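Participant: Sharing a structure, written as structure tokens. Questions coming.
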Amino acid sequence: MGPEIAFRRLARDDLPLLAAWLAAPHVARWWHHETTPEAVERDFGPSVRGEEPGEDLVVLVDGTPVGLLQRSFLRDYPQYRDELVAAGVDVPDGAVTLDYLLGDPARTGHGLGTRVVTEAVRRTWAELPGATAVVVPVPAGNAGSRRVLEKAGLRRVADADLEPDNPVDPPRHAVYRADRPAP
């Protein structure tokens, strides 16, 4: 069966650990995020305080924090949704997006990312009754993340030019989607 995967809301006490994860080379390559305490507070503090519509969730494996999962309705971030639509991506009403990282490089490459995304999608259907689809764009060059999404059952539905998180990347993204299962 494997280890138990759980999620809990990001808390202020998690910010130093999150900063360390964001600074890890395998995460920094794709997230390209400032890691000073001030920057992490600026960017994640609103979520900790409940001021963001999206969720920042700590990924726990057998109770140990190992990563971060972001989950949000695309309608709550219209600029991001509109960028996808302008690039030709079908974004249904009720679409949710995910972003994720595993902070410890020793935990990558062993199927844990796939298990995390699979569980995140399952819980999206269970916890967000208004969610109609999960739509996840990933930089085309991020082969590891593309494999995770495919193994988790998402299908590649589009290629789109979107603003990359890391300015060294080209704009090309692969867009993956899973639709809510029929009752």
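Participant: Do the conditions hold for residue 130, that is, is it out of contact with any helix residue (DSSP H, G or I) (no Cβ under 8 Å at 6 or more places or on another chain) and on the phi < 0 side of the Ramachandran plot?
Facilitator: Numbers: out of contact with any helix residue (DSSP H, G or I) (no Cβ under 8 Å at 6 or more places or on another chain): yes; on the phi < 0 side of the Ramachandran plot: yes.
Answer is yes for this residue.
Participant: Is there any pair with a first residue in the stretch 72-87 that is touching a residue at least 24 places away in the same chain (Cβ under 8 Å) and more than 18 Å from residue 128 (Cα to Cα) and a second that is outside any helix (DSSP H, G or I) and hydroxyl-bearing (Ser, Thr, Tyr) whose Cβ atoms are under 9 Å apart and which are 6 or more apart or on different chains, and what are they?
Facilitator: Correct list of pairs: 84/97.
Participant: Now, a different point. Can you list the strands (runs of 3 or more DSSP E) lying wholly within the stretch 1-100 that have 1 or more residues being open to solvent by 20 Å² or more (accessible area, probe 1.4 Å) and among the basic types (Lys, Arg)?
Facilitator: Here the list reads 5-9.
Participant: I've got another one for you. Residue by residue through the stretch 41-80, note down the ones that are at negative phi, in contact with a Pro (Cβ under 9 Å, 6 or more places away or on another chain) and of a type in the set (Asp, Glu).
Facilitator: Once the filter is applied, which keeps residues that are at negative phi, in contact with a Pro (Cβ under 9 Å, 6 or more places away or on another chain) and of a type in the set (Asp, Glu), the stretch 41-80 yields 52, 76.
Participant: Next up: Identify, from the list 95, 87, 133, 120, the residue that is closer than 15 Å to residue 177 by Cβ and in contact with a Gly (Cβ under 8 Å, 6 or more places away or on another chain).
Facilitator: Numbers: 95 fails: in contact with a Gly (Cβ under 8 Å, 6 or more places away or on another chain); 87 fails: in contact with a Gly (Cβ under 8 Å, 6 or more places away or on another chain); 120 fails: in contact with a Gly (Cβ under 8 Å, 6 or more places away or on another chain).
Result of the check over 95, 87, 133, 120: 133.
The values are calculated or read from the model by the stated rules, or taken from the named source; none is laboratory data. Keep in mind that this is a model prediction, so the values were computed, not measured. FYI the Cβ positions are ideal-geometry reconstructions off the backbone, even for glycines, and counts take in every protein chain you see. Accessible surface areas use protein heavy atoms only, side chains included; no ligands, DNA or RNA. Shrake-Rupley method; radii C 1.70, N 1.55, O 1.52, S 1.80 Å.
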